[in-house]
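Please see the structure below; I have some questions.
Please treat every number below as a calculation from the coordinates, not as lab data. Computed from a prediction, not measured in an experiment: that's the story for all the values here. Positions of Cβ are generated from backbone atoms using ideal geometry, with glycine treated the same way; all protein chains shown enter the neighbour counts.
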There are 2 protein chains.
Amino acid sequence: MSLRHALLATLDAGAMTGYELAKTFDQSANRVWHATHPQIYTELRKLERENLVVAQEEPRGTQGKATKRAYTVTEAGREELCRWVATVEEPTLPRDVAHLKATYFEYAPPDAAREQFAAHRAYHAEQLRRWEWHVEQLRARGTDLMQRRLAKAPKERHAAIVAYKVHVYEGMAERARAEVAWAERGLALVDELERDGFM
Amino acid sequence: MSLRHALLATLDAGAMTGYELAKTFDQSANRVWHATHPQIYTELRKLERENLVVAQEEPRGTQGKATKRAYTVTEAGREELCRWVATVEEPTLPRDVAHLKATYFEYAPPDAAREQFAAHRAYHAEQLRRWEWHVEQLRARGTDLMQRRLAKAPKERHAAIVAYKVHVYEGMAERARAEVAWAERGLALVDELERDGFM
DNA sequence: AGATGCATGTAACGGGTTACATGATTAC
DNA sequence: GTAATCATGTAACCCGTTACATGCATCT
């Protein structure tokens, strides 16, 4: 149940609608925790029922039929967020398709193996680019979310707020680099096995 | 739906019961893909209904009331396995509690942050030990599963069978090392922030 | 007038976890 | 005889995905 806390933390920087949260989640900041929009809307309603957030309903469009709802964290919500952040959690259990599949590449022709290592490399190279870009943005305190967050916090804490996020995103970048290197060693391995007649 | 393929691959090395598969899954080999025992038993029944495996039912114990079922892959199952291995899949979407939480360590007292980085380090150090041990076992072709797998495959393919698995497990070890390093940099960061009065 | 994109949802389904149930074997 | 462990399952629940529905806005 981490989605709710990711939502609480994001909302703590300032009120947002479900749509804005969904955008924030999948394009920029929280690529650490994936969530789809139906999930976000549903979870927000749930958080509202539990009084961890409150919604401000406003008309959307000119006809006044459609509405949008901007959510704000309540005091209880903030407490729940702090409680969660300070709690040590069980590590996520491993479930990694790419590595699982690579375990059994013996069952596939060399070209299929190569194709998959190449796809792996491409995906993580792209991720790496994103993480690196994001680290720069954070350091420059240039993202919307960060500015809103900093505006609400006392100045002496700004360094910590930025530093933890930078640390996380640098960790993700490091990971992506490792995946790229792993895929490249994989490609070399396929070549080697084929050259030596083992495939 | 990777569990079924992990099961098919494991069974392809030789018949096993659900219990043996569960053990294989969580203690030694397939720590790349976590699965609990109810899930394994259920999936095996499903694979059986789809004719991807067949079960050999045998009495268990002396009273002859309880039974056990040893599963074997069918030709269709092997084809499905090969098809899956050769297919490029969407990468698993990121969902990482530890990194998500670390993003918000600003909300926690420094000691709570330290405790979590320490737990992270301990967990991945232990994982690293496991992966390294496993790589050694594989290279020595010393695991049960590997020996059964090799016994069924033509000799000229042995090198590839071992090499792919070693590559995967070395990748996992590399990852674990990166997580340990990340946690250590995290600990240093908390110290630094506290020393400079930012917490 | 129709297509595309913004914005907010609901419903059905599937995979995975936790809790529970049951029987056999081994060690004390 | 009782506790622990081996072994096989079922049931309820929760989280997340996919597909569908709806309304407004903008561009052509």
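How far, in whole Å, is the nearest Cβ of chain B from the axis relating it by rotation to chain A, and which residue carries it?
Closest Cβ on chain B to the axis mapping it onto A, in Å: B:178, 3.
Could you work out which residue, out of A:89, A:50, A:58, moves most in a Gaussian network model of chain A, that is, has the largest mean-square fluctuation with Cα springs under 10 Å?
A:89
Can you return the aspartates and glutamates within cross-link range of residue A:65? Criterion is Cα-Cα under 15 Å, with same-chain partners fewer than 8 residues away left out.
Counting by Cα, and skipping residues close in sequence, residue A:65 has these aspartates and glutamates nearby: A:57.
Roughly how many whole Å is it from the C-alpha centroid of the stretch B:103-159 to that of the stretch A:75-126?
14 Å
Quick one: which residues, 5+ away or cross-chain, put their amide H under 5 Å from the amide H of residue A:16? H built at 1.01 Å from N.
A:71
Setting aside same-chain residues fewer than 8 positions from residue A:165, which lysines have a Cα under 16 Å from its Cα?
Those lysines meeting the cut-off are B:101.
If I take every Cα pair under 8 Å that is 6 or more residues apart in the stretch A:97-195, average their sequence separation and divide by the length, what percent do I get for the relative contact order?
Once divided by the residue count of the stretch A:97-195, the mean separation gives 47 percent.
Toward the positive end of the charge dipole of chain B, about the Cα centre and with charges on Cβ (Lys, Arg +1; Asp, Glu -1), which of B:35, B:13, B:84 goes farthest?
B:13
Between B:90, B:184, B:174, which gets the highest mean-square fluctuation from a Gaussian network model of chain B, Cα cutoff 10 Å?
B:90
Taking the Cα centre of the stretch B:1-117 as origin and charging only Cβ (+1 Lys, Arg; -1 Asp, Glu), how large is the dipole, in debye to the nearest 20?
Charge dipole of the stretch B:1-117: 420 debye, to the nearest 20.
Calculate, for residue B:46 and residue B:76, the FRET efficiency according to 1/(1 + (r/R0)^6) with r their C-beta to C-beta distance and R0 22 Å; round to the nearest 0.05.
With R0 = 22 Å, the Cβ-Cβ based efficiency is 0.95.
Which whole-number percent is the relative contact order of chain A (Cα, under 8 Å, 6+ apart)?
Relative contact order comes out at 21 percent.
I'd like to know which of A:176, A:153, A:71 lies farthest towards the positive end of the charge dipole of the protein assembly as shown, counting +1 on Cβ of Lys and Arg and -1 on Cβ of Asp and Glu.
Final value for the positive-end residue is A:71.
Let me ask something else. Only Lys, Arg, Asp and Glu count, each charged at its Cβ (+1, +1, -1, -1), so figure out the dipole size of chain B about its Cα centre, rounded to 20 debye.
1000 debye
Quick check for me: using +1 on Lys/Arg Cβ and -1 on Asp/Glu Cβ, what's the dipole size of the protein assembly as shown about its Cα centre, in debye to the nearest 20?
Dipole magnitude for the protein assembly as shown comes out near 620 debye.
Another question about this same structure. Once you put a point 7 Å from the Cα of residue A:92 and another 7 Å from the Cα of residue B:157, both along the Cβ direction, what distance in nm separates them?
Those two pseudo-labels are separated by 3.4 nm.
Just name one of A:166, A:105, B:24: the one whose Cα is farthest towards the positive end of the charge dipole of the protein assembly as shown (beta-carbon charges, Lys/Arg +1, Asp/Glu -1).
B:24
Within a 10 angstrom radius of each residue's Cβ in B:166-173, how many Cβ atoms of other chains show up on average? Whole number is fine.
Working: counts 1, 11, 11, 2, 2, 11, 4, 0.
Shielding by partners across B:166-173 averages 5.
Further, regarding this structure: What residues qualify as long-range amide H neighbours of residue A:35, i.e. H under 5 Å apart, gap of 5 or more or another chain, H built at 1.01 Å from N?
Excluding prolines and chain starts, which carry no amide H, there are no hits.
For chain B, set up a Gaussian network in which alpha carbons nearer than 10 Å are linked by springs, and say which option among B:124, B:34, B:99 fluctuates the most.
B:99
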